[in-house]
Amino acid sequence: MSLCLKLGAKTPVAKRAWVVLSGNAVGSAVLRDGFIVGSDHYTRGWVCIDVVTGKILHRSKAKLQYGSAVFADGCYYGVCSDGVVLLMKVDKESFKEISRFKLVEGKKDVWATPVICDGKLYLRYHDKLYCYDISGKKEKKE
């Protein structure tokens, strides 16, 4: 279940703004441009939620495990607990999976939040760290 609290402007009181049956068992979601993108443990997919109303705007078509999301250069990167890594374009009108690959096979405990820094996507699974160049720049050959 996801819950949004509205803080009082003058007093330290929080009031419930909305509740929606969507929630992430582990990991992170991204709040950007007035909506939240993250995985949904209940429906085994990824969702886009309007941050003001709590309305689920749309869901991923594919059934996917819960996980963590980050955002960079107009795209959402999601890492699911079963090792599926997603590249997604999401806005208030649409949810589009661009591509995916499997980081590790046969696992259900890929829980580390992905990190993007200097055009590199860092993904960790237990004692292994993977690094992918997502900058779009070609390496110079000498």
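The values are calculated or read from the model by the stated rules, or taken from the named source; none is laboratory data. As the structure is a computational prediction, the values presented were derived from the model and not from experiment. Please note: Cβ atoms are built from the backbone with ideal geometry, for glycine as well, and neighbour counts cover all protein chains shown.
Within the stretch 49-70, residues that are more than 19 Å from Leu87 (Cα to Cα) and modelled with pLDDT of 85 or more sit with their Cβ atoms under 7 Å from residues that are aromatic (Phe, Trp, Tyr) and surrounded by fewer than 17 Cβ atoms within 10 Å (Cβ to Cβ), at 6+ positions apart or across chains, in these pairs: Thr53/Trp18; Gly54/Trp18.
Residue pairs whose Cβ atoms lie under 9 Å apart, separated by 6 or more positions or on different chains, with the first residue in the stretch 117-129 and among the hydrophobic types (A, V, I, L, M, F, W, C) and the second crowded, with 16+ Cβ neighbours inside 10 Å and not in a strand (DSSP E or B), are Leu121/Pro114; Leu123/Leu103; Leu123/Val110; Leu123/Ala112; Leu123/Pro114.
Out of all the residues in the stretch 6-28, is one or more surrounded by fewer than 12 Cβ atoms within 10 Å (Cβ to Cβ), at positive phi and not in a strand (DSSP E or B)? Scanning the stretch 6-28, I find no residue that is surrounded by fewer than 12 Cβ atoms within 10 Å (Cβ to Cβ), at positive phi and not in a strand (DSSP E or B), so the answer is no. Checked against (1) in contact with a strand residue (DSSP E or B) (Cβ under 8 Å, 6 or more places away or on another chain); (2) hydroxyl-bearing (Ser, Thr, Tyr); (3) under 19 Å from Val26 (Cβ atoms); (4) in a loop (DSSP other than H, G, I, E, B), Ser39 passes all but condition (4).
Going by what's in this entry, would Tyr42 be described as modelled with pLDDT of 90 or more and of a type in the set (Phe, Trp, Tyr)? In short, no.
Of all residue pairs spaced 6 or more apart or on separate chains, those with beta-carbon atoms under 8 Å, a first member in the stretch 8-23 that is closer than 30 Å to Leu64 by Cβ and among the polar types (S, T, N, Q) and a second member that is modelled with pLDDT of 75 or more and part of a loop (DSSP other than H, G, I, E, B) are Ser22/Tyr42; Ser22/Thr43. Scanning the stretch 42-56 for residues that are assigned to a strand (DSSP E or B) and touching a Cys at 6+ places or on another chain (Cβ under 8 Å) yields a single hit, Ile56.
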